Ligand code: ASP
């Protein structure tokens, strides 16, 4: 009976995938009564994800992909590893899964290449690392962590980032490793429509990936990894590798974003969640819903996931759906896709 209650609570939380402050507030109250804490939340992108457009096979494949990522991260939690290990393990699974717009299967640039961005952040000391525009690093999230832990810098770009990853003995692959048939077709289709426009992968229903974690010591971490937007040109970099925009972890909250990156950068979206919690006493649900509202008002689309230092979570988005999942400390896995 208790379990059923918890599942129902969780489902109502997942169903709250919008930026309606009133609804969000209610959900947060429910969360506060919930004795179970979440330890890991992930997303696989937001967009036009609807039941009508989904086939049972595709839904199953996404579900399995998200479940594998949650399990990998949860294993780290169970063995007492840090939030960084949890986030990294979950994101590696998603980068290796060609369904998602990160690592293998990432979207293509105007020139038909894969240029990948990723970042990671550790809440306790706000240490952070990021790589942008890389084309040969098999798992960009590992490179982001390497930058954080083994360099004096926060962000490395392009060739330099690749050399650094190689010197750190990370797996280096031929750029063709990331390429998939589906992405080539997608680019061709988009180039026919309007060759100058960048397109959010939303329309194509796959997305950037991210994870936020609360480890056994109460520490928070966040990670985000992406191929960016389809048909991007001129070395365009989105929000995902930018600390405070697409990714952020502090003492109160960890946040990972997905959506039209330019709007997230202009709103300093991920950090704004912690700022509202710190300066305005907002709950994680209120703060994240407010950021998505602001982005929506400016014409931006997308979503975010957030976990606070008590294990409360929020997953607002202003699109038709967002691939998302979470796991509690008891290992109960929840996965949702639609609004
Ligand atoms: N935020 C990513 C970018 O703008 C794209 C996405 O989340 O789908 O690069």
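Here are the numbers for the structure shown:
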| quantity | calculated |
| --- | --- |
| Residues (under 23 Å from the mean Cα position of the chain (by Cα) and within 18 Å of residue 103 (Cα to Cα)) located in the range 176-204 | 177, 178, 179, 180, 182, 183, 186, 187, 200, 201, 202, 204 |
| Every residue from the range 224-245 that is assigned to a loop (DSSP other than H, G, I, E, B), within 10 Å of the ligand (Cβ to nearest atom) and either out of contact with any helix residue (DSSP H, G or I) (no Cβ under 6 Å at 6 or more places or on another chain) or touching a residue at least 40 places away in the same chain (Cβ under 8 Å) (or both) | 227, 228, 229, 232, 236, 237, 238, 240, 241, 242 |
| All positions within the range 70-97 that are farther than 22 Å from residue 148 by Cα and either in contact with a strand residue (DSSP E or B) (Cβ under 6 Å, 6 or more places away or on another chain) or at pLDDT below 95 (or both) | 70, 74 |
| Count - residues of the range 13-66 that are over 23 Å from residue 207 (Cβ atoms) and at pLDDT 85 or above | 1 |
| Criterion violated by residue 257 - all others in (1) touching a residue at least 60 places away in the same chain (Cβ under 8 Å); (2) under 20 Å from residue 47 (Cβ atoms) satisfied | (1) |
| Residue that is surrounded by the most Cβ atoms within 10 Å (Cβ to Cβ) [pool: residues in the range 246-267 that are part of a loop (DSSP other than H, G, I, E, B) and away from the ligand (no atom under 14 Å from the Cβ)] | 250 |
| Residue check, residue 211 modelled with pLDDT of 95 or more, under 24 Å from residue 158 (Cα atoms), touching a helix residue (DSSP H, G or I) at 6+ places or on another chain (Cβ under 6 Å) and part of a strand (DSSP E or B) | yes |
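The values are calculated or read from the model by the stated rules, or taken from the named source; none is laboratory data. Nothing here was measured: the structure is a model prediction, and the numbers come from that model. Note: ideal-geometry Cβ built from the backbone for every residue, glycine included; neighbour counts use all protein chains shown.
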